[in-house]
1. If you go through the range 329-348 one residue at a time, do you hit one that is part of a helix (DSSP H, G or I) and more than 27 Å from the chain's Cα centre (by Cα)?
2. Can you pull out the residues in the range 256-285 that are of a type in the set (Ser, Thr, Tyr) and free of Cβ contacts under 8 Å to residues at least 60 places away in the same chain?
3. Within the range 360-369, can you find the residues that are touching a residue at least 12 places away in the same chain (Cβ under 8 Å) and open to solvent by 10 Å² or more (accessible area, probe 1.4 Å)?
4. Need the failing condition index for residue 415 against (1) crowded, with 21+ Cβ neighbours inside 10 Å; (2) not in a strand (DSSP E or B), just the number.
5. Under the condition of being charged (D, E, K, R) and over 29 Å from residue 150 (Cα atoms), which residue from the range 186-240 is most open to solvent (accessible area, probe 1.4 Å)?
6. Taking the range 418-443 as the search range and keeping residues that are assigned to a strand (DSSP E or B) and aliphatic (A, V, I, L, M), which one is farthest from residue 460 (Cα to Cα)?
7. Which of the residues belonging to the range 194-226 are part of a loop (DSSP other than H, G, I, E, B) and of a type outside the set (Val, Ile, Thr)?
8. Between a residue in the range 183-194 that is over 14 Å from residue 171 (Cβ atoms) and any residue that is of a type in the set (Gly, Ala, Ser), which pairs come within a Cβ distance under 6 Å, given they are 6 or more apart or on different chains?
Amino acid sequence: MKAIRFKKPRDPSFVTSRFLGNCNQDHGCRNSQIFNRMFCSCRLYSSSGPPDPSFSPISGASSSKAQRRHDDGVSAIDAGSSLRKPVSFWPGIYHSPVTNALWQARSTIFGSSTPSDVVDSITPKTPSLSRTSILYPFSTDYILREQYRNPWNGIRMGKLLEDLDALAGTISFKHCINHASMADSLLLVTASVDKIVLKNPIFADTDLKIEGAVTWVGRSSMEILLEVIQETCDHVDSQALVANFTFVGRDSKTGKSASINPISPETAKEKMLWQEAEERNASRKKRRTQMKNIESGKEVERLNALLAEGRVFIDMPALADRDSILIKDTRLQNSLVCQPQQRNTHGRIFGGFLMRRAFELAFGTAYAFAGSQPRVLEVDHVDFLKPVDVGNFLCLKSCVLYTQLENPMEPLINVEVVAHVTRPELRSAEVSNKFYFTFTTYSDTKKNKWKIRSVVPATEEEARRVIERMDCENS
C-alpha cells in the first residue's frame, strides 16, 4: 500500500479557484490577491515536501512525523500531526484533525495538472490500491486525546463517526479518481451506512487505528469496509468497530449516475468480502421489493396491535400503563443554519458532520429517556436521501422509536433521528437524511432499580415506521 504525503499544491491560483468556486459575480470575490497571500502563507506550514512531478492521487512518502509504520508494514496517517498547522482557510477541516489530515492528502489531486488528451476512462483496481489507515496517538498526544474524550473518559462516538465518513470519502477518491480533472467531473457522495457495530469498548487513552478499503463495486456504487482497531489490556490488537459505507458516483453536470472503476479482488479474504457485499446488495434489493408487496390484511393487523395501547393514552389517559410512554413524548430536536465551514469538496454540507450532530442528539434522547448514561451498540442504518446545501436551515428531530425489554440486563433503546431541511427561498421543509441508533444502559440502571419504559405509537405513521425498522433489523 502506498503511503500518503501531505504536499503543497503547485499552483496557488488553481487551488484558490477550486475553493472559491465559479465566483464571477460582484460580491467580494474578485479581489483574490488577498486570499492568495493568505492561502500561500498557510500552505507553507501544511506541506511536508516539494511537489512531485508525477501525479498519484493521495500517494507518495511523507515525513516520519506524519507517518508511523506498524509491524504489518502498513503506514498510517498520524491524526495528531496536522493539529497545529494553520490551514483553517480550507473548507470543512476545522472540526476534526483527521479530516484536516485527509484534506491535505486530497490536495494532491487539486494541485496536479492533467494533459488535455486524457479521457475519463474506467480502470479496474484492486482493493489494496484504495487501502488507507489513520492513526490516533492518544497515548502520547494530549491535545488530540482531549478533542476526543467524553465526560466519562471514553471516546466521543460522534466525532469518530465523522472521521469514519471522512476516511470513507478519501478511500472512494483513491479508487475512482484516475487523474486530476476527474475531481471536477465526478461527484462521490455517501448514499447510506449499514450496521456500524461496536464490538468492544473504545478508550481515549490508548492508541487507535482506523483502516479501510473498497470491497465491492457496482456500476455506479461501491461499498467501503472500515475497521477500528485498538490495543487491549493484553497488548493485542483487537477489532473494536466495523462499518460499511456505500458511496455512489454522480456526473457533476447532469447529476445522473456515473460509471466508476470496477474492482478486482486478489486475495482469498478480498474475494470473501466481495461475496459478502454482493449478498448484502442482493438482500437490500429483495427487501425493497418485499416492502412494496406487503399483504394489506397482515399489515393492518400489525398496525392495530401497535396502536391499541396508544389509543388508551389518547382516549383514557388515567387508565394508561405507567410503565409506557408515547413516542411523541420522547422527542428532542435542535436546529442550525448550515455554515460554509461544514462543506465538503463539492461545496455541500459534509455528511460526517451531519452524522455527528445526529448521533449526539440521539445520545441525548436516550440519556433523557433512560435516566442513565447510555452505551451505543450499533448505528443501525443511515440514509442520505438528498444533499444539504450551505445556507439551508436544518432541523434534527429525534425520538425513541421502540424498545426491546426482553433482556432486563441489556435493554435495547432504538432512536430515530430525521433531518428536515428548509430552503430559505422556498420556505418548505423536506426530509434529507434518516439515522437509526441502538443504545443500551450501564449497570447503574439496575443497581438503582430504574426501569426502562416501553414506547407506544399514537399515530398510524409512527406505527408504520416502527414496523419498517423491525422488519429491516429482522431480515
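The values are calculated or read from the model by the stated rules, or taken from the named source; none is laboratory data. Since the structure is predicted, the reported quantities are computational estimates derived from the model, not experimental observations. Cβ sites come from the backbone with ideal geometry, for glycine too, and all protein chains shown count toward neighbours. Ligands, DNA and RNA are excluded from the accessible area calculation, which covers all protein heavy atoms including side chains. Shrake-Rupley method; radii C 1.70, N 1.55, O 1.52, S 1.80 Å.
1. Pass one, the range 329-348, residues part of a helix (DSSP H, G or I): 329-330, 340-342.
So of that shortlist, the ones also more than 27 Å from the chain's Cα centre (by Cα) come out as 329.
There is at least one residue in the range 329-348 that is part of a helix (DSSP H, G or I) and more than 27 Å from the chain's Cα centre (by Cα).
2. First, the residues of the range 256-285 that are of a type in the set (Ser, Thr, Tyr): 257, 259, 264, 267, 283.
Those that are of a type in the set (Ser, Thr, Tyr) and free of Cβ contacts under 8 Å to residues at least 60 places away in the same chain: 257, 267.
3. Within the range 360-369, 360, 361, 363, 364, 368, 369 meet the criteria.
4. For residue 415, the failing item is (2).
5. Let us first name the residues in the range 186-240 that are charged (D, E, K, R), namely 194-195, 199, 205, 207, 209, 211, 219, 223, 227, 231, 234, 237.
In the following step, the residues that additionally are over 29 Å from residue 150 (Cα atoms) were identified as 219, 223.
Working: 219: 136, 223: 3 Å².
Going through the qualifying residues, I end up with 219.
6. Our first condition is that a residue be assigned to a strand (DSSP E or B); within the range 418-443, this holds for 418-422, 429-441.
Narrowing the set further to residues that are aliphatic (A, V, I, L, M) leaves 418-419, 421, 429, 431.
On the way: 418: 17, 419: 20, 421: 24, 429: 21, 431: 19 Å.
Here the answer is 421.
7. First, pick out the residues of the range 194-226 that are part of a loop (DSSP other than H, G, I, E, B): 199-202, 204-207, 218-220.
Those that are part of a loop (DSSP other than H, G, I, E, B) and of a type outside the set (Val, Ile, Thr): 199, 200, 201, 204, 205, 207, 218, 219, 220.
8. Listed by first residue and then by second, the contacts come to 185/252; 186/249; 186/258; 187/252.
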